[in-house]
Amino acid sequence: MCYTARICVALIAGWLGALACAAALADSPARSLCVFSVQGTQGELFGQMRDFAVAAQTQGVTLTPRALVDERIAAEDFKADQCDAALLTGIRARAFNPFAGSIDAIGGLPDYDALRTLITLLARPELAPRMRQGPYEVAGIMPLGAAYIFLNDRRINSVEKIAGKRLAVFEHDAAQLMMAQRIGAQPVLSDVSNFSGKFNNGVVDVIAAPAIAYMALELYRGVGAHGVIVDMPVAQLTFQLVIRHQRFPEGFGHWARQYFLALFDPALKVVIASENEMLFFFPPPDSDAERYQLLLQESRIALTDAGHYDRQMMQLMKRVRCAHAPENAECSDARE
Amino acid sequence: MRGNKGWLMIVMLGVSLLPWPASAAMARQEAARFLAEYQTALETRSHDALKALFADDVRIRIDLEEAGGPSQRFTLTRARFLQQIFALWRFASEQAYTFSRPQYADSEDGTLTITVTQTEQRQLFGVEGGQRDVMTMVLDHRNGVLQIVDLHSSSLLW
């Protein structure tokens, strides 16, 4: 008798719980997430965003991810209020939050340890106000991998020899255009959807790309048997989740940044595996390595002065670089 | 009986104190065995066998020759050097290695040196290619295992 009563109580409690949960879901606002994914709904990235949508239900948000293979359209849809959130590359997200969008600055961070430190810092509540800019908030950052220089000819073995060569630059990143002009390359305006084709078909000689594009976009065809990939990160590329914060519950941004922080290591594992697939992946010559680092630094400072990068983010990144390598010459100057 | 044992001990002690040429011959044998293992690892494309031949702290320098220009020196980490070999195994077909007659040397510090020219022919993205590496490997014992601790190569790719 007592046993049956307990079962009844448990059943009623369970039923009430389910009812409450259903009611909460019914009340939770339906929000859309535009996901820039080269592979569309296939691939790991979109799967991760599906998982994120499931997790967001614990925050009372019903999120529906929608894949867009063209990043420009994803950004424009977000801007035109066609989606409440968007997952974009940091370079594209810079338009919505120059502070977080400047993580992808040229020569910003030398390695993944430094990037992990920075993303961990940015997930702290003290920096939350910096993650908001008007109606937008960067609610998550994950690594896309370092951008490396891909060349179709190993004889282009110095920056000086890039002068006059055709270099693909993203039309939405003025910093790349300025960098191309700085090294004397001939810029060829491109975007994420066509830069690989241009490289593989010899329309351009040089591109900058992350390792995950190597197999996915068959960049090994462009490098061929006589090209090279320079093992020196020119930028740390990221994916950034940008939301219209007023459409989400208070505290959602902080929760999401913590969620994305937990994705850092799994995402990095994919990046490292991609880097391990790259052929003719060599560091710069010993005699040039220091000079190239200096070139990246000079370019970054010039681009910051020109207003392309957020000065406060540049200062924060310098602090991270110097925490990891205090012996660096820049740590005793006040240029950034 | 006791006298025989005494003589035996004296002989054994004498042999162990003879550094040349007995130890040189042993070193040469050890280096030859090591080189054979290296060649087998390449030819059988064994990741684990090849990794085991390189010390964790191995120093690797490549002087890359370019036709018509001065060579450029690259310092590679163990991970990047091995990764490049593994990537070639993945992309290349019809890979064939040949080796010149090696030269062996041993030093008073206990290290062994192998100098050998490795030539690789391959098919890559439909193109016949290859590389020639004039290599000097310095071997030393790490945790009782003979490994490459220093590798210098003058390399030419075509």
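The values are calculated or read from the model by the stated rules, or taken from the named source; none is laboratory data. Bear in mind that the values here come from a model prediction, so they are computed numbers and not experimental data. Note that each Cβ is placed from the backbone with ideal geometry, even for glycine, and that neighbours are counted across all protein chains shown.
Quick notes on this structure:
- Verdict on residue B:121 being surrounded by fewer than 17 Cβ atoms within 10 Å (Cβ to Cβ), touching a Gly at 6+ places or on another chain (Cβ under 6 Å) and in contact (Cβ under 8 Å) with a residue 24 or more places away in the chain: yes
- The residues of the stretch B:68-99 that are among the aliphatic types (A, V, I, L, M) and either under 16 Å from residue B:58 (Cβ atoms) or assigned to a helix (DSSP H, G or I) (or both), listed by number, are B:76, B:79, B:82, B:85, B:87, B:88.
- Unique match (being out of contact with any helix residue (DSSP H, G or I) (no Cβ under 6 Å at 6 or more places or on another chain) and modelled with pLDDT of 95 or more) among A:239, A:252: A:239
- Across the stretch A:296-308, the number of residues qualifying as in contact (Cβ under 8 Å) with a residue 40 or more places away in the chain and under 19 Å from residue A:111 (Cα atoms) comes to 4.
- Among the residues of the stretch B:42-71, those that are surrounded by 15 or more Cβ atoms within 10 Å (Cβ to Cβ), closer than 17 Å to residue B:131 by Cβ and away from chain A (no Cβ under 14 Å) comprise B:42, B:50.
- Complete set of residues in the stretch A:107-151 that are among the acidic types (Asp, Glu) and either in contact with a Cys (Cβ under 7 Å, 6 or more places away or on another chain) or assigned to a strand (DSSP E or B) (or both): A:137
- Positions within the stretch A:298-311 being of a type outside the set (S, T, N, Q) and crowded, with 19+ Cβ neighbours inside 10 Å, in sequence order: A:300, A:303, A:308, A:309, A:310
- Identity of the residue in the stretch A:29-38, farther than 16 Å from residue A:142 by Cβ and touching a residue at least 60 places away in the same chain (Cβ under 8 Å), that ends up surrounded by the fewest Cβ atoms within 10 Å (Cβ to Cβ): A:29
- Filtering the stretch A:57-74 to residues that are more than 9 Å from residue A:35 (Cα to Cα), in contact (Cβ under 8 Å) with a residue 24 or more places away in the chain and not hydroxyl-bearing (Ser, Thr, Tyr) leaves A:57, A:59, A:60, A:61, A:63, A:70, A:72.
So that you can scan it fast, the table gives a plain yes or no per residue for (1) within 14 Å of chain A (Cβ to nearest Cβ); (2) among the hydroxyl-bearing types (Ser, Thr, Tyr); (3) in contact (Cβ under 8 Å) with a residue 60 or more places away in the chain; (4) in a strand (DSSP E or B):
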residue: B:101; (1), (2), (3), (4): no, no, no, no
residue: B:129; (1), (2), (3), (4): yes, no, no, yes
residue: B:139; (1), (2), (3), (4): no, no, yes, yes
residue: B:147; (1), (2), (3), (4): no, no, yes, yes
residue: B:151; (1), (2), (3), (4): no, no, yes, yes
residue: B:154; (1), (2), (3), (4): no, yes, yes, yes
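Each row is one residue, and each column tells you yes or no for (1) exposed (fewer than 13 other Cβ atoms within 10 Å of the Cβ); (2) in a loop (DSSP other than H, G, I, E, B); (3) within 22 Å of the chain's Cα centre (by Cα).
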| site | (1), (2), (3) |
| --- | --- |
| A:273 | yes, no, yes |
| A:277 | no, yes, yes |
| A:287 | yes, no, no |
| A:293 | no, no, yes |
| A:296 | no, no, yes |
| A:313 | no, no, yes |
| A:330 | no, no, no |
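- Residue ranges of helices (runs of 4 or more DSSP H) in the stretch A:152-268 with at least 2 members crowded, with 20+ Cβ neighbours inside 10 Å and either without any contact (Cβ under 8 Å) to a residue 12 or more places away in the chain or within 14 Å of another protein chain (Cβ to nearest Cβ) (or both): A:219-223
- Scanning the stretch A:206-238 for residues being of a type in the set (Asp, Glu) and more than 18 Å from residue A:191 (Cβ to Cβ) gives a total of 1.
- Test: residue A:163 is under 18 Å from residue A:230 (Cβ atoms), of a type in the set (Gly, Ala, Ser) and touching a Gly at 6+ places or on another chain (Cβ under 7 Å): yes
- Residue in the stretch A:319-326 that is under 23 Å from residue A:144 (Cα atoms), under 22 Å from the mean Cα position of the chain (by Cα), crowded, with 18+ Cβ neighbours inside 10 Å and not assigned by TED's automatic domain parsing to the domain that holds residue A:98 present: yes
- From the options A:51, A:111, A:81, residue that is closer than 19 Å to residue A:300 by Cβ, loosely packed, with under 15 Cβ neighbours inside 10 Å and of a type in the set (D, E, K, R): A:111
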